[in-house]
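Chemist: Dropping a structure here in structure tokens format, bear with me for questions.
The values are calculated or read from the model by the stated rules, or taken from the named source; none is laboratory data. Bear in mind that the values here come from a model prediction, so they are computed numbers and not experimental data. Cβ sites come from the backbone with ideal geometry, for glycine too, and all protein chains shown count toward neighbours.
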Amino acid sequence: MTKRRPVSPGPLYEHVKQHILTHIHNGDWPVGTRLPSEHELVAQFGVSRMTVHRALRELSAKGLVQRMVGVGTFVATPTQRSPLIEVRDIADDIVARGHRHSLRLIKIGVIRANSELAAVLQQKPNARIFHSLVVHFEEGIAVQLEERFVTPLFAPDYLQQDFANITTTHYLQGIAAPTEVANAVYAIRPDARICKLLNTEASEPCLQMTRQTWVNSDPATNNIFTYPGSRYSLASRYKVSEAPER
């Protein structure tokens, strides 16, 4: 019979995260070390698999571990990244502000890649691509229209997920955190479809961000996020490395 570890106050997934972080920071698990499996961590801590999955997902999102489907989870090589436009779950940001998040799944299915999308995702023209459209709400007000194009190789079970109740970001980062991200931000005039889905006037400008992600050099997703200009802004604060002495 497996002996369960004593659990102190606090979220259970945080205890699992701290256990892993301690081994990484102490040098017990150097870069490339394979972590115990989810099943082993479940048995060790006496928690649910969902709890372990969340701990690993959050560590993966921070770039501390790398998850490889069918292989395992490994200590990742440390990377530097700007916090200006991080790959974050909008639901987490809304909840962190003390507000209520909800979403509406507009559509999900398979499309055939046109020449432009095929080039972006490095697929053959007319290749099968998973496509989803979701509206996110903060306190009942639409704040983001999310459109995703996902390669089946990266997320083969994408269409089977319950995106009416979980976010696509939550699911995709659970597979693997991106190892490379390209962002671009534009000011646009919304078309009739965007106005209807975000419940805005045609005169209100929108902020649109395109994001492409790769995992281990393989294209994973191409995304378009649209925000009503009066309901969203970008902001950050971070330290800049000192310039080298001359």
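Chemist: Looking at the range 169-204, which of its residues are of a type in the set (A, V, I, L, M, F, W, C) and within 29 Å of PHE154 (Cβ to Cβ)?
Modeler: Scanning the range 169-204 gives LEU172, ILE175, ALA176, ALA177, VAL181, ALA182, ALA184, VAL185, ILE188, ILE194, LEU197, LEU198.
Chemist: From GLN122, GLN144, grab the single residue that is under 25 Å from TRP214 (Cα atoms), out of contact with any Leu (no Cβ under 7 Å at 6 or more places or on another chain) and assigned to a strand (DSSP E or B).
Modeler: Result of the check over GLN122, GLN144: GLN144.
Chemist: Filter the range 94-117 down to the residues that are assigned to a helix (DSSP H, G or I) and within 23 Å of PRO152 (Cα to Cα), then identify the one that is farthest from the chain's Cα centre (by Cα).
Modeler: SER115
Chemist: I need a count of the residues in the range 123-175 that are within 13 Å of the chain's Cα centre (by Cα), closer than 17 Å to ALA91 by Cα and of a type in the set (Val, Ile, Thr).
Modeler: Total satisfying the criteria: 4.
Chemist: If you don't mind, another one. Being outside the structural domain of GLU139 (by TED's automatic domain parsing), modelled with pLDDT under 80, under 14 Å from the mean Cα position of the chain (by Cα) and not in a loop (DSSP other than H, G, I, E, B): is that true of ARG54 here?
Modeler: Answer is no for this residue.
Chemist: Name every residue in the range 78-91 that is at pLDDT 70 or above and within 27 Å of GLU40 (Cβ to Cβ), in order of residue number.
Modeler: ASP89
Chemist: So which residues in the range 174-197 are of a type outside the set (Val, Ile, Thr) and either assigned by TED's automatic domain parsing to the domain that holds ALA61 or in a helix (DSSP H, G or I) (or both)?
Modeler: Once the filter is applied, which keeps residues that are of a type outside the set (Val, Ile, Thr) and either assigned by TED's automatic domain parsing to the domain that holds ALA61 or in a helix (DSSP H, G or I) (or both), the range 174-197 yields GLY174, ALA192, ARG193, CYS195, LYS196, LEU197.
Chemist: In the range 198-216, how many are under 30 Å from ALA61 (Cα atoms) and outside any strand (DSSP E or B)?
Modeler: So the count comes out to 2.
Quick grid of which residues meet (1) in contact with a Ser or Thr (Cβ under 9 Å, 6 or more places away or on another chain); (2) surrounded by 19 or more Cβ atoms within 10 Å (Cβ to Cβ); (3) within 23 Å of SER60 (Cα to Cα):
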position	(1), (2), (3)
ARG104	no, no, no
LEU117	no, no, no
LEU145	yes, yes, no
ARG148	yes, yes, yes
THR151	yes, yes, yes
ALA155	yes, yes, yes
GLN160	no, no, yes
THR168	yes, yes, yes
GLU180	yes, no, yes
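Chemist: Still on this structure, I have one more. Do the conditions hold for ILE129, that is, is it surrounded by fewer than 19 Cβ atoms within 10 Å (Cβ to Cβ), more than 27 Å from GLY229 (Cβ to Cβ), among the β-branched types (Val, Ile, Thr) and not assigned by TED's automatic domain parsing to the domain that holds LEU56?
Modeler: no
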